[in-house]
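Note sheet for the following structure.
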Amino acid sequence: MGIMNRLIGLTGEAVADTEEEAGLDRPFAWLRRKGGNIIVNRMVGAAIPFAPRNRFSVEAVRSGYVRARIALKGNRNHFGSLYAGAAFLVAEIPGGVLTLFDMGPDYTPILKEMTMEYLAPADSDVTIELTMPASVRDSIQRKADETGRASFTLEGELKDESGQIVARSTAHYRVRKKGFEAVS
């Protein structure tokens, strides 16, 4: 676990201030962003093999922000739109990614509860963007450092390729501080 924790920490540091708009005109920034996303997706796939099998991918991750996508291909339901379970997958995993790579390997994210409101059939790939302000992250870390855990909620909008909101998610997470021992 030591090597994996170090890799999580280094990856989180590397992607913390990546420039999403960086193109080939700035090759080092572009490589840093692309390389960071590749590593994040490999780590997600190693931890949750179900995710890449279902064409889930993290498209962007930086401090306080994550964007993920799930492909329609391979995830269609009985009437040809995105299967509800695939929408759940793309709504759930990014919260863990955001928490893990923003807070570091000493904090373990755990989903406690999630609700989905399905608004319209998704007839294309679907994306979600989640944000967490630094002040919220710092508050979560402070509480986890003091008590061993902290709860927080992330709300997201799942959008199809045309930008239409096809679902909304509300995910309640708990972060646990690794190695926490209460002082008596």
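The set of residues from region 57-87 being among the hydrophobic types (A, V, I, L, M, F, W, C) and free of Cβ contacts under 8 Å to residues at least 60 places away in the same chain comprises VAL58, ALA60, VAL61, ILE70, ALA71, LEU72, PHE79, ALA84, ALA86.
Candidates PHE50, PHE88: the one that is under 16 Å from ALA167 (Cβ atoms), surrounded by fewer than 21 Cβ atoms within 10 Å (Cβ to Cβ) and at pLDDT 85 or above is PHE88.
Contact map, region 153-171: residues that are among the basic types (Lys, Arg) paired with residues that are outside any strand (DSSP E or B), Cβ distance under 9 Å, separation 6+ or inter-chain. Pairs shown: LYS159/ALA122; ARG168/ALA91; ARG168/LEU119.
Of the candidates LEU82, LEU72, the single residue that is touching an Asp or Glu at 6+ places or on another chain (Cβ under 8 Å), farther than 25 Å from HIS172 by Cβ, of a type in the set (A, V, I, L, M, F, W, C) and at pLDDT 65 or above is LEU72.
Only one of the listed residues (GLU113, GLU157, GLU181, GLU129) is assigned to a loop (DSSP other than H, G, I, E, B) and of a type in the set (Asp, Glu). That residue is GLU181. Scanning region 160-178 for residues that are outside any strand (DSSP E or B) and either in contact with a helix residue (DSSP H, G or I) (Cβ under 6 Å, 6 or more places away or on another chain) or hydroxyl-bearing (Ser, Thr, Tyr) (or both) yields a single hit, SER162.
For region 96-142, a residue qualifies if it is closer than 15 Å to HIS172 by Cα, at pLDDT 95 or above, under 10 Å from the mean Cα position of the chain (by Cα) and surrounded by 14 or more Cβ atoms within 10 Å (Cβ to Cβ), and exactly one does: LEU130.
Screening GLY156, GLY179, GLY163, GLY148 for residues that are at pLDDT 95 or above and more than 27 Å from PHE56 (Cα to Cα) leaves exactly one candidate, GLY148. For residues in region 34-86 being under 13 Å from the mean Cα position of the chain (by Cα) and assigned to a loop (DSSP other than H, G, I, E, B), which is nearest to GLU157 (Cα to Cα)? This residue is GLY64. Flag set for ASP125, criterion: among the acidic types (Asp, Glu) and closer than 25 Å to PRO52 by Cβ.
The values are calculated or read from the model by the stated rules, or taken from the named source; none is laboratory data. Keep in mind it's a predicted model, so treat the numbers as computed, not measured. For neighbour counting, all protein chains shown are included, and Cβ atoms are generated from backbone atoms with ideal geometry for every residue, glycine included.
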